[in-house]
Structure formats: C-alpha cells, structure tokens
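Following: one structure in structure tokens, then a few remarks.
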Amino acid sequence: MSLLDMQRAFSRLLTDPHFEREFFGEDADAPSGYDLTERELDSLRRMDRKRLRLHAGNLAHARMGLALKSAPLSALVLHGQLDRHLVRFCREYPPVPAAESAVILATTRLCDFAERLFADGELRPAYAWDLLRYEKHLLVQGFGAASCHDAAEFARRPAPPELLGDCVPITGAHVLVDHFQHDLTALLPRLQAGEVPEDAPPLAEPMRMMFVKRPLKALVQTCRLNAGMESVWLRCDGTRTVDDIASRYPDPQPVVTALRALNRFGAIAFTAERTC
C-alpha cells in the first residue's frame, strides 16, 4: 500500500482518458505500475465518473491556461487550435513536482509539445512557432533560477581593464540567442495591437536575437545580432583570451569593439583566468 501510488493513479485518471476508460472497464485488472490494495482500488472505482470527467476537463483547461499565462500573444494566435490537442497534451505531460516555477515548467512543456505539432502541420501559422519560443525565452530568462543567479553574479564583477588582450571573456545562463524565421520586430507591434495576421513571409536569412537578463529587472533585454557578432559571442566560452578570439578574424579591432559592446549589454564578463 502506498499513498503516493494512490495519488499517482488518481492524477493519471484526471489526465489520461485512455487510462480512465480501461480503469473503469468491466472486469478490468488492477493497473500495472501502481502498488494499490483492494481497498484502495475499490475506493478509486467507486468515484462518480461524471464528476471525475468534469473535474478532469476543468483541470485540463486550467493547465493549458497556466502554460499560456506568460505567452499572451501566442495564446491570441493558437489558443483555439491548442484546445483540439488538450487531451493529448495532458496525457503526454502529466503533472509532476518540480523545483522550478510552475508557470515556467508548464510553458516549457507546452513549447516542447507545440514543436511537434508545428512539425506535423497541425498548428499554424508558421510564424506562431517563432512567437511561442520568443515569449518562452522572455519568461525563462526573466524568472528562471539559473538565469537570475548568473545575472546577479555577472553584475558583481569588476569593470574590464583598458587593455583586454589577456582577459578571458565568459558568458552565462542569463544570456540566450535564438534564430527566428520570421520578422518578429514587425509582427510583435501588430499582435500587441490585437491584430492576428493570417500568415507572414519567412525571412531570407534567420533573424538572430539575443535575450539578456539583468539583475533586479523583470524585463529581459533583447537585441538583434548579425552573424559576426554572434560568432564573437559564441567564442566567449572561458577557454580563450581576447587576443585568441581576435586572432581568428582578419581585423582584430572590430572584434575587441564587439566584445566591449557585449560587456556593456551584460552578455559577457571578463576574467583573468581561463575557466577550463
């Protein structure tokens, strides 16, 4: 007998309609994977199925609402379509305890789920996949534990010296770069005004966007990057000095200028020693 197993079985009854039908089926065996006594099984099977399904439906909609709570623009575009996949979402992502914020966990799981739906052509328009990731990044970078920790740690580092050659640039979990196939800088104002474009043309080249958390600020800073700036940032892994990085480019001065700009933006810091 295990209270935890009974709670797990009850949770699955609320989130998995297939399991619920099998559990209440005539002459159904005890479900495998749950250490339940006959008394516990009887207690679960004597539940009012109509009320159970009503509660399950309310719970499913509440879970989807929680996942979209911090993605209001994505909800504007996708909510009606996601409702059609509600049962599948709840079955594939049952409630689990987590140390991270419940909203962050729910939004991250929805993003994982939606990625497959977009790939299978079950969600549209295509730009909404960029939009959902954009809003998820704002949430995770803004309130995630790792991001907040590194933002505070980087803010305590001293200002860089005048001569950077021997310094080692590093970045942290408070910084993220993603590539988007649609021009979000043009789409976001339209969506924020309540307009929902039916579609948007893809860009010829992906848009690179950097997300940076700053300490004691809820809003995440964002900026567009060109390919050169991104390549410089990717080399800030704690294994190379500024001179090492600059030597990889034909003209080192713009590289040093880019590193200083990344430092002012809070995306990198400089240390005296290699980290690995």
Flag if Ala151 is open to solvent by less than 30 Å² (accessible area, probe 1.4 Å) and among the small types (Gly, Ala, Ser): yes
Residue match in segment 129-143 (condition: in contact with an Asp or Glu (Cβ under 7 Å, 6 or more places away or on another chain) and surrounded by fewer than 15 Cβ atoms within 10 Å (Cβ to Cβ)): no
Boolean, Glu162 is without any contact (Cβ under 8 Å) to a residue 60 or more places away in the chain and closer than 19 Å to Leu73 by Cβ: no
Subset of segment 202-234 [under 30 Å from Gly165 (Cβ atoms), surrounded by fewer than 19 Cβ atoms within 10 Å (Cβ to Cβ) and in contact with a strand residue (DSSP E or B) (Cβ under 9 Å, 6 or more places away or on another chain)]: Arg208, Arg214, Gln221, Cys223, Arg224, Asn226, Ala227, Glu230, Leu234
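Those residues that are over 18 Å from Arg224 (Cα atoms) and open to solvent by 50 Å² or more (accessible area, probe 1.4 Å), I need them from segment 170-193; list them, please.
Step one: list which residues in segment 170-193 are over 18 Å from Arg224 (Cα atoms), which gives 170, 172-173, 190-193.
Hits for segment 170-193 are Arg190, Gln192, Ala193.
The rows are residues; the columns are (1) outside any helix (DSSP H, G or I); (2) farther than 30 Å from Gln81 by Cβ; (3) at pLDDT below 75.
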residue	(1), (2), (3)
Gln7	no, yes, no
Arg12	no, no, yes
Arg21	no, no, no
Glu26	yes, yes, yes
Pro31	yes, yes, no
Leu44	no, yes, no
Lys50	no, no, no
Ala62	no, no, no
Residues being farther than 11 Å from Leu176 by Cβ, hydrophobic (A, V, I, L, M, F, W, C), modelled with pLDDT of 95 or more and in a helix (DSSP H, G or I) - total across segment 108-147: 12
Residue match in segment 257-267 (condition: open to solvent by 50 Å² or more (accessible area, probe 1.4 Å) and of a type in the set (Ser, Thr, Tyr)): yes
Hits in segment 23-43 - residues which are open to solvent by less than 50 Å² (accessible area, probe 1.4 Å) and under 13 Å from Asp5 (Cα atoms): Pro31, Tyr34, Leu36, Thr37, Glu40, Leu41
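Run down Gly142, Gly228 and say which single residue is closer than 27 Å to Ser101 by Cβ and small (Gly, Ala, Ser). I'd like the intermediate steps shown before the answer.
On the way: Gly228 fails: closer than 27 Å to Ser101 by Cβ.
Unique residue meeting the criteria: Gly142.
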Pairs with Cβ under 8 Å, 6+ apart, first in segment 223-238 and over 20 Å from Thr271 (Cα atoms), second open to solvent by 50 Å² or more (accessible area, probe 1.4 Å) and part of a helix (DSSP H, G or I): Arg224/Thr185; Gly228/Pro254
Breaking point among (1) open to solvent by 20 Å² or more (accessible area, probe 1.4 Å); (2) charged (D, E, K, R); (3) in contact with a His (Cβ under 7 Å, 6 or more places away or on another chain), for Asp120: (3)
Sole exception among (1) closer than 22 Å to Asp199 by Cβ; (2) in contact with a strand residue (DSSP E or B) (Cβ under 8 Å, 6 or more places away or on another chain); (3) not small (Gly, Ala, Ser) for Gln141, by number: (1)
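Give the residues of segment 1-22 that are exposed (fewer than 13 other Cβ atoms within 10 Å of the Cβ) and under 36 Å from the mean Cα position of the chain (by Cα), sorted by residue number. Please lay out each step first, then the result.
So in segment 1-22, the residues exposed (fewer than 13 other Cβ atoms within 10 Å of the Cβ) come out as 1, 3-4, 7, 18, 21-22.
Of everything in segment 1-22, those that are exposed (fewer than 13 other Cβ atoms within 10 Å of the Cβ) and under 36 Å from the mean Cα position of the chain (by Cα) turn out to be Leu3, Leu4, Gln7, His18, Arg21, Glu22.
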All helices (runs of 4 or more DSSP H) inside segment 184-276 with 2 or more residues being in contact with a Ser or Thr (Cβ under 8 Å, 6 or more places away or on another chain): none
Residue in segment 84-99 that is buried (at least 18 other Cβ atoms within 10 Å of the Cβ), modelled with pLDDT of 90 or more and more than 30 Å from Glu198 (Cβ to Cβ) present: no
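The values are calculated or read from the model by the stated rules, or taken from the named source; none is laboratory data. The model shown is predicted, which means the values in this text are computed figures rather than measured ones. Methodologically, a virtual Cβ is constructed for each residue, glycine included, from the backbone with ideal geometry; neighbour enumeration extends over all protein chains shown. Ligands, DNA and RNA are excluded from the accessible area calculation, which covers all protein heavy atoms including side chains. Shrake-Rupley method; radii C 1.70, N 1.55, O 1.52, S 1.80 Å.
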